[in-house]
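Novice: Structure provided below as structure tokens; questions to follow.
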Amino acid sequence: MNSLQQKKMMLTSLVLCGLVLALAAPAIHRVARGAAGYVLALYPFVAAIVLAVAGQKVVAGQAMREALPWASELGLSLSFSLDGLSLLFGLMISGIGVLVLIYAGGYLKGHPQLGRFYAYLLLFMASMLGLVLADNLLALFVFWEGTSISSYLLIGFNHRSETARKAALQALLVTGGGGLALLGGLILLGIVGGHWEISALTAQGDVIRAHALYDPILVLVLVGAFTKSAQFPFHFWLPNAMEAPTPVSAYLHSATMVKAGIYLLARLSPTLGGTEMWTGALTLFGGATMIVGGVLALLQTDIKRLLAYSTISALGTLTLLLGIGTTAAIQAFAVFLLAHALYKGALFMVAGTLDHETGTRDLEKMGGLRRVMPITAAMAILAAVSLAGVGPLFSFIGKELLFEAVLHSENSRTLLVATALLSGAFFVAAATIVAVKPFFGALKATPKAAHEAPPSLWLGPVVLAPLGLILGIFPGFVTYSLLSPAIAAILGRAEPLKLSLWHGFNPALALSGASLALGLLAYASWPALRRTQRGREALLGFGPARWYEVGLFALNRVASLQTRLLQNGYLRAYVMTIIVTTTALAGYTLITREGLPALLTRPLQEWDVRFYEAALAALIVLAAYAAVRADSRLAALAALGVVGYGVSLIYLFFGAPDLAMTQVLVDTLTVILFVLVFYHLPKFASLSGKFARVRDAAIAVCGGALMTTLVLVTNTVTLTEPISGYFLENSLPKGYGRNIVNVILVDFRALDTLGEITVLSLAGIGVFALLKLRPQGEKA
Amino acid sequence: MTSLILGTATRLLMPLLLLFSIFLLLRGHNEPGGGFAGGLVAAAAFVLYSIAADVSTTRRALRFEPQNFIGVGLLCAIISGLPALLFDKPYLSSWWGQIKVSGFIDIKLGTPFFFDVGVYLVVLGVALKILLPLEEQAELQSEDARDFSVEEQGSSGRNLEPS
Amino acid sequence: METVLAFAIGGLYALGLYLMMRRSIVKLIIGLAILANAANLLIFTSAGLTRGRTPMIGAQETAVRGPVADPLPQALVLTAIVIGFAVLAFTAVLLKRAYQTVGADDLDEMKATDT
């Protein structure tokens, strides 16, 4: 392979390397031991560098694209592309990935299944990179599901805990259900747009938005995105997912995976966005999520759950901004996205460190830790200030832009401004709780005596939290190289972006101040707020989480009921079910298609019968009837022989001597076979009652009537031209045979025959095995 | 249950039946017959023989175990499809050659014939593989076999197999 | 004639299915055998019947003359007959085996050994 080709497959190999590395991770862990985290972190590190270098071209306006044929008949090709949006996400994924892998090495040090943990984490990492780089809708979906599955494995990593298992299942069912909806949406999108490549679909935006299927596409895609990104009313799985080890929470459930839904919305924004429905749905659900997440965050005492709810609120903000969709809103989106990843990643790592060092996650039980954990405390406070969005920090810029965006939105401006203000206040309050409660005040006794964490645990916060400060002061580092291209990709056009901390005295600044004041007020009343906990629990009892539980319970009940009903172990019940279902379905179709009168009069239409033929048909049925009524096995067998020979005569009368001959021979062998087998079997016994017999007879007659009708109908329907003409014409010239049936068997359709004699062989060997197999205790 | 008449008749019939089965196989391409019918006739011949004599004699007459027929037959059918690949055609496409001695022989021979031979052998092998062991089991309890034909009617007693 | 055979096929299906719903294993096997015949006839008949004219090319001719029976369903049924035999043998031996192991010829009693 020359260097050019290597370059072409760069993104593909980036993703695939991660998957391979995931498989190798346990082995690497065994060899490298404590250093494994650092070793494995090389993968995201290299990925980040590769993306950053490749990003230079993207910034210059050249999108990268590469494709591998996969199943081209299905429109499935493994195609990747790198544009501004994927670059932003890809760098976040790989950059934070480096820190998380190192953090995980310290956090789970000595855990017996750490190797497996690395494997899951790398699997996730590769899937997530694939997701944001994928250009094909179906490939995107595959990676989308990959993140769901690895998230399931990671949440349930502590599989001995029942709550962890439940939370993992909940996350899987909610995001997996959404994934199904998304698949439907993406397929419709591909059909309507006529392309499976997102890059090609972008140009089709106007066609798709005007199409009749636009509404279902949008609804299905939104369900997928909302479940993944924990939007109200699907938000409940995210706090429960905090059962996962903290590196997972920091990585999947704040910085990356939950943003996959946001990414998808941003990615499809040029294709689907801009309509009233898009704006309405995104602002409505985004706004609701902002408020719900913010309120619930303040009611938590578990630091991870508090952060999780504030993440939900942040995800709502991002959705809202995409919904507004103006240039200002998208600029705010990009800044907010990056800022949030930086501070929330840091805060989660701090939360994990606190848990690790003190043995508790309860904010009430911690206090005064700033003296024993100075580094962690400093980083936590810096990140919390970021969360609050005050001071010379990057997130402050984001918050200002958010207020700008809602102030200049076209519809329901008042409501949006109020929502933004309130959620801003909640952010401030949550940030104050996180910064003050564990670190200030008197030092409280914790389950473990706290002391400063090892470097691997504070490395992440030390990188991420100050980055928020540096970017706040020098936003120019990222505006041109990272944010502008992303914004251009979402908007579909390039817009100048200038970021600065100070915008002068304007309404946005006033709103910032108001939210700060409100937030501090909320913090002051936090103890009072939490006393309403009981009321909140009653309120939540009827919330979406309850619907999920009821749904799950009902599903299990239905499943066990129908299993007991259908899989009851009675062979005849199975036969009955099959006959009744088939008769009902086929009968319904026949009656609706053909009409009942036509079906009933059909037998009278054609009546070209010769006497001996009719007599033969009657003989066959009578013989079969005799087999049914026979008292002894031998009589039944004789009757069965008559049926077979009768059928062979019919073949003979209607131009099939080959069939007649085969039938006679097989019939003979069958009778011999039955004599030999029946000899070992018991005599006939009447086991069923009268009612059962009448019922079975009725069902059997229904089945028979259906078959009669089917034969009558097929004789008058020609769906396609019969292909026999080809065989008749070409048998001699191409097959050199005059017996056309034989030519079909050994030449035209020889592969079928080969399959059939293979089945024959298997049946023969199977019979032999059954005969030779001796149960224990039985003599030969 | 050996019977003199059946035994004698079978000894005479046996070669004829086998010859007939091969005849069916050979002419199958142009007239009624073919591998399936031929294989069944051959199988029926051996089964008849095993009824007249006994299974071990039949096995000796067969010379090979039935599973060998199955294996060789399948192999024959599979190999008959291979020449097509040499000519860059789909697997199992027919390929014909001609053996000609002017005035005497004019035979067209093609891969479908070998395929049919494969079918013949598989059918023969499978039928015997199923029936011969069953007959052996029946022979083991030949005393009870006589009761089978005079089964009393409608009795509710079930006779478990005495094994 | 298709009409008459259609009724015969329906009758065979009904009788075969009835036997398959009985509890005795012997009846189940006989039912299966009847069903196999019915299915073969069904395929054969649904392509339409032609009296007497076999799908064969005469010795001196190069193509079939006039309407002949459809060769395709014949080819299908031919293999179906032979496979039917093998499957029937397999079923019969399997049930014989089950009977010897469980010691019950009532299919309802065999249910208990499922678990």
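The values are calculated or read from the model by the stated rules, or taken from the named source; none is laboratory data. Keep in mind that what you see is a predicted model, and the values were worked out from it rather than measured. Don't worry about glycine lacking a Cβ; one is built from the backbone with ideal geometry, like all the others, and counts go over all protein chains shown. Side chains are part of the model used for accessible areas, which takes the heavy atoms of the whole protein and leaves out ligands, DNA and RNA. Shrake-Rupley method; radii C 1.70, N 1.55, O 1.52, S 1.80 Å.
Novice: Could you list all residues from the range A:723-740 that are more than 7 Å from chain B (Cβ to nearest Cβ) and touching a Gly at 6+ places or on another chain (Cβ under 8 Å)?
Specialist: Across the range A:723-740, the qualifying residue is only A:SER731.
Novice: Among the numbered criteria (1) open to solvent by 30 Å² or more (accessible area, probe 1.4 Å); (2) in a helix (DSSP H, G or I); (3) facing chain A (nearest Cβ under 7 Å), which one does B:ARG59 miss?
Specialist: Every condition holds for B:ARG59 apart from (3).
Novice: Could you grab me the full set of residues in the range B:119-146 that are modelled with pLDDT of 90 or more and more than 8 Å from every other protein chain (Cβ to nearest Cβ)?
Specialist: B:TYR120, B:LEU121, B:LEU124, B:LEU128, B:LEU132 - these are the residues of the range B:119-146 that are modelled with pLDDT of 90 or more and more than 8 Å from every other protein chain (Cβ to nearest Cβ).
Novice: Suppose we filter A:PHE236, A:PHE232, A:PHE285 for residues that are open to solvent by 10 Å² or more (accessible area, probe 1.4 Å), closer than 20 Å to A:TYR152 by Cβ and touching a helix residue (DSSP H, G or I) at 6+ places or on another chain (Cβ under 9 Å); which single one remains?
Specialist: Answer to the check: A:PHE236.
Novice: Go through the range A:562-681 and tell me which helices (runs of 4 or more DSSP H), entirely inside it, have 1 or more residues that are touching a residue at least 40 places away in the same chain (Cβ under 8 Å) and in contact with a His (Cβ under 6 Å, 6 or more places away or on another chain).
Specialist: Numbers: elements: A:571-594, A:596-605, A:611-629, A:633-653, A:657-678.
No helices (runs of 4 or more DSSP H) qualify here.
Novice: Moving on. Based on this model, can you work out whether C:VAL64 counts as among the β-branched types (Val, Ile, Thr), facing chain A (nearest Cβ under 7 Å) and surrounded by fewer than 24 Cβ atoms within 10 Å (Cβ to Cβ)?
Specialist: yes
Novice: State which residue pairs qualify: first residue within 7 Å of another protein chain (Cβ to nearest Cβ) and inside the range C:81-93, second residue open to solvent by less than 30 Å² (accessible area, probe 1.4 Å) and aromatic (Phe, Trp, Tyr) in any location, beta carbons under 9 Å apart, and separation of 6 or more residues or different chains.
Specialist: C:ILE81/B:PHE36; C:VAL82/B:PHE36; C:LEU88/A:PHE674; C:ALA92/A:PHE674; C:ALA92/A:PHE678
Novice: Another question about this same structure. Give the residue that is surrounded by the most Cβ atoms within 10 Å (Cβ to Cβ), with candidates limited to residues of the range A:711-722 that are modelled with pLDDT of 80 or more and within 7 Å of another protein chain (Cβ to nearest Cβ).
Specialist: By that ranking, first place goes to A:LEU712.
Novice: For the range A:682-695, state whether one or more residues are outside the structural domain of A:ASN739 (by TED's automatic domain parsing), closer than 30 Å to B:ALA42 by Cα and open to solvent by 10 Å² or more (accessible area, probe 1.4 Å).
Specialist: Checked against the condition, which is being outside the structural domain of A:ASN739 (by TED's automatic domain parsing), closer than 30 Å to B:ALA42 by Cα and open to solvent by 10 Å² or more (accessible area, probe 1.4 Å), the range A:682-695 yields no hits at all.
Novice: Take the residues in the range A:400-441 that are part of a helix (DSSP H, G or I) and among the aromatic types (Phe, Trp, Tyr); name whichever of them is farthest from the chain's Cα centre (by Cα).
Specialist: Within the range A:400-441, the match that is farthest from the chain's Cα centre (by Cα) is A:PHE403.
Novice: Still on this model: What number goes with the only condition from (1) farther than 26 Å from A:ALA25 by Cβ; (2) in contact with a helix residue (DSSP H, G or I) (Cβ under 9 Å, 6 or more places away or on another chain); (3) assigned to a helix (DSSP H, G or I) that A:LYS57 does not pass?
Specialist: Status for A:LYS57: all satisfied but (2).
Novice: Still on this model: Kindly evaluate A:VAL701 against the criterion of being within 8 Å of chain C (Cβ to nearest Cβ) and open to solvent by 50 Å² or more (accessible area, probe 1.4 Å).
Specialist: yes
Novice: Another question about this same structure. Take the residues in the range A:654-671 that are within 15 Å of C:THR50 (Cβ to Cβ) and facing chain C (nearest Cβ under 7 Å); name whichever of them is surrounded by the fewest Cβ atoms within 10 Å (Cβ to Cβ).
Specialist: The selected residue is A:PRO657.
Novice: Could you please find all residues in the range C:16-37 being at the interface with chain A (Cβ under 7 Å from one of its Cβ atoms) and closer than 16 Å to A:THR583 by Cβ?
Specialist: Once the filter is applied, which keeps residues that are at the interface with chain A (Cβ under 7 Å from one of its Cβ atoms) and closer than 16 Å to A:THR583 by Cβ, the range C:16-37 yields C:LEU17, C:TYR18, C:MET20, C:MET21.
Novice: Of all residues in the range A:17-40, which are among the aliphatic types (A, V, I, L, M), in contact (Cβ under 8 Å) with a residue 12 or more places away in the chain, in contact with a Leu (Cβ under 9 Å, 6 or more places away or on another chain) and open to solvent by 20 Å² or more (accessible area, probe 1.4 Å)?
Specialist: Scanning the range A:17-40 gives A:LEU19, A:LEU21, A:LEU23, A:ILE28.
Novice: Give the residues of the range A:344-378 that are buried (at least 24 other Cβ atoms within 10 Å of the Cβ), outside any loop (DSSP other than H, G, I, E, B) and over 36 Å from the mean Cα position of the chain (by Cα), sorted by residue number.
Specialist: Correct list: A:THR376 only.
Novice: Okay, next question. Could you grab me the full set of residues in the range A:737-751 that are open to solvent by 10 Å² or more (accessible area, probe 1.4 Å) and over 15 Å from B:PRO32 (Cα atoms)?
Specialist: Those that are open to solvent by 10 Å² or more (accessible area, probe 1.4 Å) and over 15 Å from B:PRO32 (Cα atoms): A:ASP747, A:PHE748, A:ARG749, A:LEU751.
Novice: Here is a list: B:LEU48, B:LEU12. Which entry is assigned to a helix (DSSP H, G or I) and touching a residue at least 12 places away in the same chain (Cβ under 8 Å)?
Specialist: Exactly one of B:LEU48, B:LEU12 is assigned to a helix (DSSP H, G or I) and touching a residue at least 12 places away in the same chain (Cβ under 8 Å), namely B:LEU48.
Novice: Now for a separate question. Could you list, in sequence order, all residues of the range C:76-112 that are open to solvent by less than 10 Å² (accessible area, probe 1.4 Å) and of a type in the set (Asp, Glu)?
Specialist: C:ASP105, C:ASP106, listed by residue number.
This table checks each residue for (1) of a type in the set (Phe, Trp, Tyr); (2) not assigned by TED's automatic domain parsing to the domain that holds A:THR708.
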{"position": "A:GLU549", "(1), (2)": "no, yes"}
{"position": "A:LEU555", "(1), (2)": "no, yes"}
{"position": "A:SER560", "(1), (2)": "no, yes"}
{"position": "A:ARG564", "(1), (2)": "no, yes"}
{"position": "A:TYR574", "(1), (2)": "yes, no"}
{"position": "A:THR577", "(1), (2)": "no, no"}
{"position": "A:LEU590", "(1), (2)": "no, no"}
{"position": "A:GLU594", "(1), (2)": "no, no"}
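Novice: Now for a different question. Could you tell me which residue of the range A:616-643 is most open to solvent (accessible area, probe 1.4 Å), considering only residues that are within 23 Å of A:HIS680 (Cα to Cα) and of a type outside the set (A, V, I, L, M, F, W, C)?
Specialist: Ranking the qualifying residues of the range A:616-643, first place goes to A:ARG629.
Novice: Pairs needed: first member in the range A:735-757, within 20 Å of C:VAL64 (Cα to Cα) and in contact (Cβ under 8 Å) with a residue 12 or more places away in the chain; second member anywhere, among the charged types (D, E, K, R) and outside any helix (DSSP H, G or I); C-beta distance under 6 Å; at least 6 residues apart or different chains.
Specialist: If the second residue must be among the charged types (D, E, K, R) and outside any helix (DSSP H, G or I), the pairs left are A:ASN739/B:GLU31.
Novice: Enumerate the helices (runs of 4 or more DSSP H) found wholly within the range A:94-211, keeping only those where 2 or more residues are more than 25 Å from A:SER269 (Cα to Cα) and not acidic (Asp, Glu).
Specialist: A:114-133, A:137-155, A:162-193
Novice: With the structure loaded, tell me whether A:ARG572 is open to solvent by 30 Å² or more (accessible area, probe 1.4 Å), within 56 Å of the chain's Cα centre (by Cα) and away from chain C (no Cβ under 11 Å) or whether it fails that test. Give the derivation first.
Specialist: Values: open to solvent by 30 Å² or more (accessible area, probe 1.4 Å): yes; within 56 Å of the chain's Cα centre (by Cα): yes; away from chain C (no Cβ under 11 Å): no.
The answer is no for A:ARG572.
Novice: Taking C:PRO73 as the residue in question, decide whether it is open to solvent by less than 50 Å² (accessible area, probe 1.4 Å), more than 8 Å from chain A (Cβ to nearest Cβ) and more than 21 Å from A:HIS680 (Cβ to Cβ).
Specialist: yes
Novice: Could you check A:LEU268 against (1) open to solvent by less than 10 Å² (accessible area, probe 1.4 Å); (2) at pLDDT below 90 and say which number it fails?
Specialist: Result: A:LEU268 fails condition (2) only.
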